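Written below as structure tokens is the structure these notes are about.
The values are calculated or read from the model by the stated rules, or taken from the named source; none is laboratory data. Just so it is clear, the model here is predicted, and its values are computed rather than measured. No Cβ is skipped: glycine too gets one built from the backbone with ideal geometry, and neighbour counts run over all protein chains shown.
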Amino acid sequence: MDASVIIVGAGPAGLMLAGELRLAGIGVVVLERLPGRTGESRGIGLAPRTMEVFDQRGLLGRFGDVETSEQGHFGGIPVDFGPLIAVHGAARTVPQSVTESVLEDWARDLGADIRRGQEFVSLTDHGDAVEARVRGSAGERTLRARYLVGCDGGRSVVRKDAGFDFPGTPATTEMFLADLRGVDLEPRMVADRVSGGMVMANRLGEGIVRIVVGERGAPPRRRTGPPDFGEVADAWKRLTGIDISHAEPLWVSAFGDAARQVTEYRRGRVLLAGDAAHIHLPAGGQGMNTGIQDAVNLGWKLAAVVRGTAPEALLDTYHGERHEIGRRLLANTRAQSLLLLGGDEAQPLRDVLGELTRYEDVARHLAGKASGLDIRYDAGSGHPLLGTRMPHLELRRVGGARPDRPTSSTELLRAGRGVLLDLADNPHLRRRADGWTDRIDVVTAAPHGPGLRHGLEGAAAVLVRPDGHVAWIAPGSRHDLPMALERWFGPGR
């Protein structure tokens with residue numbers, strides 16, 4: 001084996017997955033067709049849920065000072081994330097290039113083997129291993145691994161070569177995106193519907209402005225390269241009356257509103273994550289954030305199977321959990337497409353939805369969809385926190401080598417392991433987890449500091465998966481602790 005896992009694609013999903021696997025000690029090779037980082041940024045901003053994910057791995061400090069906001073939109077209708085946010089707001093001006101740089105440095109620090117200038121050509125799944133044919137400057141060669149994960153974007157070669165079905169709807173319109181220097185535009189942070197289409201403008205700093213422009217009814221074109229900036233400037237002038245033709249284009253791109261999702265996220269020893277598994281209108285930057293969260297869901301499961309501590313059936317929960325999230329993602333972005341790109345005939349819908357957002361439950365529902373904060377996996381019933389993300393909880397350790405040291409539920413996840421949090425100092429409970437201490441950390445701690453416990457009032461113990469989701473809680477879970485441990489971490493020793 002050249003590695004336990006081969007990852008194709010060094011975008012946000014692939015790099016996040018590489019870091020997650022290396023946290024667990026799994027050998028990984030990342031293959032990237034491009035010889036170096038381009039500096040281009042399709043996505044801008046980090047959703048509140050992605051901010052939480054980065055915090056649990058100790059990555060937020062690598063981004064430096066990040067400006068956050070509690071405001072978002074759903075199809076151009078303002079929504080407030082505030083009532084759903086426990087710690088982090090949305091980071092609005094973090095370019096994808098910065099996110100990729102942070103994740104690549106993190107993965108390399110952990111020992112990931114990232115090979116640029118290596119183009120994936122084809123694969124063969126032999127049942128007990130996967131072979132990948134790769135083309136580089138020295139010619140073609142074959143690499144062999146236990147598993148292969150395609151994180152190679154919306155035009156995924158892995159997806160096509162492995163035969164994944166990719167149903168959905170084709171693009172009906174074309175939109176432009178451009179990063180410009182030398183032009184002063186007023187910010188249009190939320191999609192501004194104008195006669196004939198929609199426009200957005202966002203100041204990225206260092207004199208750079210990003211614009212998005214979409215003319216209603218503009219048909220998608222088959223392009224072999226990026227559009228000419230003249231096309232973008234002409235469309236912007238037609239919709240706004242403002243001439244930007246004198247600007248210096250740093251990057252120009254076109255995209256459409258196609259919506260597709262694979263029918264399965266895993267076929268044998270080949271898996272997909274990120275845009276390789278789902279494409280859609282990039283409304284609210286949900287694509288990159290969803291891809292990162294795909295990787296966090298998959299990483300610890302794939303590591304456990306590769307190590308042999310969990311059965312291969314654990315990988316089936318990756319499809320079971322993330323396919324549903326992808327399906328909901330496509331549904332909400334298609335709905336936003338109608339709101340953003342529809343003409344006067346869609347105005348009554350906008351008006352009614354705007355009225356409905358005055359109701360707190362409706363506003364929270366739309367905010368949860370746009371932010372990713374409404375995600376809940378099936379971890380059984382009996383307690384409202386089961387399957388949701390573990391709330392950030394300030395803690396003080398009890399016993400051990402460093403008693404009374406302040407910590408938090410977020411910090412306890414830095415190592416990428418499961419955590420059994422004993423909040424009642426119960427030795428019997430801790431002994432029941434003895435067979436799994438090679439895979440989970442057992443921590444006795446007491447909540448401290450101001451603030452509510454975010455639904456944990458009365459909880460005596462919580463089992464948290466490596467991705468931060470609650471797998472078991474007492475009292476409340478209808479299954480006992482050993483059953484939950486075996487379900488998510490494999491048989492005990």
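Tell me, which residue of region 316-354 that is under 24 Å from residue 261 (Cβ atoms) and of a type in the set (Lys, Arg) is surrounded by the fewest Cβ atoms within 10 Å (Cβ to Cβ)?
327
Could you give every pair whose Cβ atoms fall below 7 Å, whose first residue belongs to region 351-363 and is assigned by TED's automatic domain parsing to the domain that holds residue 76, and whose second residue is among the polar types (S, T, N, Q) and surrounded by fewer than 10 Cβ atoms within 10 Å (Cβ to Cβ), counting only separations of at least 6 or pairs across chains?
Partner pairs satisfying both residue conditions: none exist.
In this structure, does residue 163 turn out to be exposed (fewer than 15 other Cβ atoms within 10 Å of the Cβ) and touching a residue at least 12 places away in the same chain (Cβ under 8 Å)?
So residue 163 passes the test.
This table checks each residue for (1) touching a residue at least 40 places away in the same chain (Cβ under 8 Å); (2) buried (at least 19 other Cβ atoms within 10 Å of the Cβ); (3) closer than 29 Å to residue 22 by Cα.
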{"residue": "47", "(1), (2), (3)": "yes, yes, yes"}
{"residue": "51", "(1), (2), (3)": "yes, yes, yes"}
{"residue": "56", "(1), (2), (3)": "yes, yes, yes"}
{"residue": "59", "(1), (2), (3)": "yes, yes, yes"}
{"residue": "63", "(1), (2), (3)": "no, no, yes"}
{"residue": "69", "(1), (2), (3)": "no, no, no"}
{"residue": "72", "(1), (2), (3)": "yes, yes, no"}
{"residue": "81", "(1), (2), (3)": "yes, yes, no"}
{"residue": "87", "(1), (2), (3)": "yes, no, yes"}
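Go through region 438-463 and count every residue that is more than 15 Å from residue 407 (Cβ to Cβ), surrounded by 14 or more Cβ atoms within 10 Å (Cβ to Cβ) and at pLDDT 95 or above.
4
Which of the residues belonging to region 183-213 are at pLDDT 85 or above, in contact with a helix residue (DSSP H, G or I) (Cβ under 6 Å, 6 or more places away or on another chain) and assigned to a strand (DSSP E or B)?
The answer is 197, 198, 199, 213.
Starting from region 237-260, keep only residues that are among the polar types (S, T, N, Q), then list their pairs with residues that are assigned to a strand (DSSP E or B) whose Cβ atoms are within a distance under 8 Å, requiring at least 6 positions of separation or different chains.
Sorted first by the residue in region 237-260, then by its partner, the pairs are 240/194; 240/199; 253/176; 253/177; 253/178.
Looking at region 111-132, which of its residues are in contact (Cβ under 8 Å) with a residue 40 or more places away in the chain, over 27 Å from residue 101 (Cβ atoms) and assigned to a strand (DSSP E or B)?
123, 125, 130
Give the residues of region 27-45 that are touching a Phe, Trp or Tyr at 6+ places or on another chain (Cβ under 7 Å) and within 15 Å of residue 96 (Cβ to Cβ), sorted by residue number.
Matches in region 27-45: 40 only.
Hey, among 96, 56, 71, which residue is touching a Leu at 6+ places or on another chain (Cβ under 6 Å) and among the polar types (S, T, N, Q)?
That would be 56, the only listed residue that is touching a Leu at 6+ places or on another chain (Cβ under 6 Å) and among the polar types (S, T, N, Q).
Conditions tested, residue by residue: (1) within 30 Å of residue 312 (Cα to Cα); (2) in the same structural domain as residue 158 (by TED's automatic domain parsing); (3) charged (D, E, K, R).
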{"residue": "189", "(1), (2), (3)": "no, no, no"}
{"residue": "192", "(1), (2), (3)": "no, no, yes"}
{"residue": "196", "(1), (2), (3)": "no, no, no"}
{"residue": "227", "(1), (2), (3)": "no, no, no"}
{"residue": "233", "(1), (2), (3)": "no, no, no"}
{"residue": "243", "(1), (2), (3)": "no, no, yes"}
{"residue": "271", "(1), (2), (3)": "yes, yes, no"}
{"residue": "281", "(1), (2), (3)": "no, yes, no"}
{"residue": "295", "(1), (2), (3)": "yes, yes, no"}
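Please count how many residues of region 348-397 are among the aliphatic types (A, V, I, L, M) and part of a loop (DSSP other than H, G, I, E, B).
Here the count works out to 7.
Checking residue 155 against (1) in the same structural domain as residue 267 (by TED's automatic domain parsing); (2) under 20 Å from residue 42 (Cβ atoms); (3) buried (at least 17 other Cβ atoms within 10 Å of the Cβ), which test does it fail?
(3)
Would you point out which residue out of 129, 138 is surrounded by fewer than 23 Cβ atoms within 10 Å (Cβ to Cβ) and modelled with pLDDT under 95? Step through it out loud before you land on a result.
Values: 129 fails: modelled with pLDDT under 95.
Selected residue: 138, the only one of 129, 138 that is surrounded by fewer than 23 Cβ atoms within 10 Å (Cβ to Cβ) and modelled with pLDDT under 95.
Of all residues being β-branched (Val, Ile, Thr) and in a loop (DSSP other than H, G, I, E, B) in region 255-282, which is nearest to residue 42 (Cα to Cα)? Just the residue, please.
262
Mind checking which residues of region 223-244 are part of a helix (DSSP H, G or I) and either touching a Gly at 6+ places or on another chain (Cβ under 8 Å) or aliphatic (A, V, I, L, M) (or both)? Full working, then the answer.
First, the residues of region 223-244 that are part of a helix (DSSP H, G or I): 229-240.
Across region 223-244, the qualifying residues are 232, 233, 235, 238, 239.
Step by step: first the residues of region 2-48, then only those that are of a type in the set (Lys, Arg) and outside any helix (DSSP H, G or I), then the one that is modelled with the lowest pLDDT. Which residue is that? If you could, list the steps in order and put the result at the bottom.
From region 2-48, those of a type in the set (Lys, Arg) are 22, 33, 37, 42; that's our starting set.
Narrowing the set further to residues that are outside any helix (DSSP H, G or I) leaves 33, 37, 42.
Details: 33: 96, 37: 83, 42: 79.
Among them, the one singled out is 42.
Could we say that residue 424 is among the hydrophobic types (A, V, I, L, M, F, W, C), part of a loop (DSSP other than H, G, I, E, B) and more than 30 Å from residue 320 (Cβ to Cβ) here? Break it down stepwise before answering.
On the way: among the hydrophobic types (A, V, I, L, M, F, W, C): yes; part of a loop (DSSP other than H, G, I, E, B): yes; more than 30 Å from residue 320 (Cβ to Cβ): yes.
Against the criterion (among the hydrophobic types (A, V, I, L, M, F, W, C), part of a loop (DSSP other than H, G, I, E, B) and more than 30 Å from residue 320 (Cβ to Cβ)), residue 424 qualifies.
If a residue has to be farther than 15 Å from residue 303 by Cα and either polar (S, T, N, Q) or touching a strand residue (DSSP E or B) at 6+ places or on another chain (Cβ under 6 Å) (or both) to count, how many in region 2-22 make the cut?
3
Please verify whether residue 252 is among the β-branched types (Val, Ile, Thr) and not in a helix (DSSP H, G or I), treating the condition exactly as stated.
Values: among the β-branched types (Val, Ile, Thr): yes; not in a helix (DSSP H, G or I): yes.
Answer is yes for this residue.
Evaluate region 302-315: report whether one residue or more is within 30 Å of residue 176 (Cα to Cα) and buried (at least 24 other Cβ atoms within 10 Å of the Cβ).
No, every residue in region 302-315 fails to be within 30 Å of residue 176 (Cα to Cα) and buried (at least 24 other Cβ atoms within 10 Å of the Cβ).
What single numbered condition from (1) part of a loop (DSSP other than H, G, I, E, B); (2) at pLDDT below 95 fails to hold for residue 415?
Result: residue 415 passes all but (2).
Kindly check whether there is at least one residue in region 290-301 that is acidic (Asp, Glu), modelled with pLDDT of 90 or more, surrounded by fewer than 16 Cβ atoms within 10 Å (Cβ to Cβ) and farther than 20 Å from residue 74 by Cβ.
no
Condition first: surrounded by fewer than 17 Cβ atoms within 10 Å (Cβ to Cβ) and modelled with pLDDT under 90. Now tell me which residues in region 376-390 satisfy that.
381, 382
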